[in-house]
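Just below is one structure, and these are the notes that go with it.
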Amino acid sequence: MRRREFITLVGGAVAWPVATRAQQTAMPVIGFLHPAASPDVGADRLRGFSQGLKDSGYVEGENITIIYRWAEGQFDRLPAFATELVGRRVAVIVAIGNATTTATKAASKMTPIVFMTTEDPVRLGLVASLAQPGGNATGVNFYSGELTAKRLELLHQLLPAATRVAVLVNPTNALTTESTLRDVQSAARAMGLQIEVVNASTSQEINAAFATFARDRPDALFVGLDAFLNNRRAQLVNLASRHTLPATFANRDFAEIGGLMSYGSNIGDAYRQVGAYTGRILKGAKPADLPVVQAAKFELVMNVETARMLGITVPTSLLAIADEVIE
């Protein structure tokens, strides 16, 4: 055998296993897009997402890679992030929230999307139907939007003498805010309540809103569902306490740090379901064929310690149906 042929043969023999190893170790990449900032999402939610993936056989760093993008409450950044993830040819994009899903759907009609929305994705124009989504997106509706009227009803049960309720919303989160105001105003009319809408999309505007509450003295505060407002939960809970203003919130994050009450879906479980669907798509399932999951776990959390501080006696009827009572 000629020397050159021998070198070529040996080189090919060495190169082939290396190439094979590279193929074997290539991992699918997930894009994860969230409107909030990373530290504000909550470790329990991300654990739920990881658990859903693990249940499907995927573990970050072992057989999948995840690219995280956080909008830090700046909803105008979502389209650019969605376009970037599509450009990186990720296997699937996880889109958390209504605005995030809308931006991701606009960025691609081909990349598989697993979403988490706060209200009916059919009404939002994201899927053709819940049973047969069609297109490239499916996911979880965790119903917090649809629970708006129920949350106001529970607040009215706690404060039956209340007549004026301030509603705090983030105007930059247009889709969710529009739905919140539509539902809360309709429910308020049925209960004979007066609604005062106050906007806040920055920390300074939250402070200004509470300065307005100090002057106008509403009977209670209804904080709208929103990633930015959730990020500012410590500020909101502290200001509500300082102004002795009874407030209701959309998720337990608030009640756990001193908020009076919360009513909403179990978001940790919704994240788990999103992880499970992401895993199914990585295994070859098509979003068009995966029915939208409807959240089934809802929880009322009452902070009795905060109620006592505000001079409120929580009715036994509410304590009886509460999923958790914080003493």
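Could you go through segment 79-88 and let me know if any residue there is at pLDDT below 95, out of contact with any Pro (no Cβ under 6 Å at 6 or more places or on another chain) and surrounded by fewer than 18 Cβ atoms within 10 Å (Cβ to Cβ).
There is no residue in segment 79-88 that is at pLDDT below 95, out of contact with any Pro (no Cβ under 6 Å at 6 or more places or on another chain) and surrounded by fewer than 18 Cβ atoms within 10 Å (Cβ to Cβ).
Please enumerate the residues belonging to segment 236-255 that are of a type in the set (D, E, K, R) and either surrounded by 24 or more Cβ atoms within 10 Å (Cβ to Cβ) or modelled with pLDDT under 95 (or both).
Answer for segment 236-255, where residues must be of a type in the set (D, E, K, R) and either surrounded by 24 or more Cβ atoms within 10 Å (Cβ to Cβ) or modelled with pLDDT under 95 (or both): R252, D253.
Answer with yes or no whether S129 is modelled with pLDDT under 95, part of a loop (DSSP other than H, G, I, E, B) and small (G, A, S).
no
Out of everything in segment 316-327 that is surrounded by 14 or more Cβ atoms within 10 Å (Cβ to Cβ) and within 12 Å of L158 (Cβ to Cβ), what residue ends up being nearest to the chain's Cα centre (by Cα)?
By that ranking, first place goes to A322.
Inside segment 237-278, can you point out the residues that are among the hydrophobic types (A, V, I, L, M, F, W, C), closer than 26 Å to L33 by Cβ and in contact (Cβ under 8 Å) with a residue 60 or more places away in the chain?
Hits for segment 237-278 are A250, I267, A270, V274, A276.
Of everything in segment 213-232 that's touching a residue at least 40 places away in the same chain (Cβ under 8 Å) and assigned to a helix (DSSP H, G or I), which residue is surrounded by the fewest Cβ atoms within 10 Å (Cβ to Cβ)?
Once the filter is applied, the top-ranked residue is D216.
Restricting attention to segment 247-274, and to residues there that are among the hydrophobic types (A, V, I, L, M, F, W, C) and assigned to a helix (DSSP H, G or I), which single residue is farthest from V165 (Cα to Cα)?
V274
Please work out which residue is modelled with the lowest pLDDT, limiting yourself to segment 98-122 and to residues that are of a type in the set (A, V, I, L, M) and assigned to a helix (DSSP H, G or I).
A99
Please pick out the residue among D253, D269, D219 that is farther than 30 Å from D55 by Cα and touching a Lys or Arg at 6+ places or on another chain (Cβ under 9 Å).
Just one listed residue meets the conditions, D219.
Return the residue satisfying two criteria in turn: it lies in segment 147-204 and is assigned to a strand (DSSP E or B) and not aliphatic (A, V, I, L, M), and of such residues it is nearest to D120 (Cα to Cα).
N199
Out of the residues in segment 258-303 that are in contact with a Phe, Trp or Tyr (Cβ under 6 Å, 6 or more places away or on another chain) and among the polar types (S, T, N, Q), which is nearest to T117 (Cα to Cα)?
S265
Can you give me the number of residues within segment 290-310 that are among the small types (G, A, S) and at pLDDT 95 or above?
Qualifying residue count, segment 290-310: 1.
Could you count how many residues in segment 47-63 are surrounded by fewer than 19 Cβ atoms within 10 Å (Cβ to Cβ) and not in a loop (DSSP other than H, G, I, E, B)?
6
Kindly provide the set of residues from segment 292-308 that are surrounded by 14 or more Cβ atoms within 10 Å (Cβ to Cβ), small (G, A, S) and outside any helix (DSSP H, G or I), ordered by number.
A295
The values are calculated or read from the model by the stated rules, or taken from the named source; none is laboratory data. Bear in mind the structure is a predicted one, so any value in this text is a computation, not a measurement. A quick note on method: Cβ atoms are made from the backbone with ideal geometry, for glycine too, and the neighbour counts reach across all protein chains shown.
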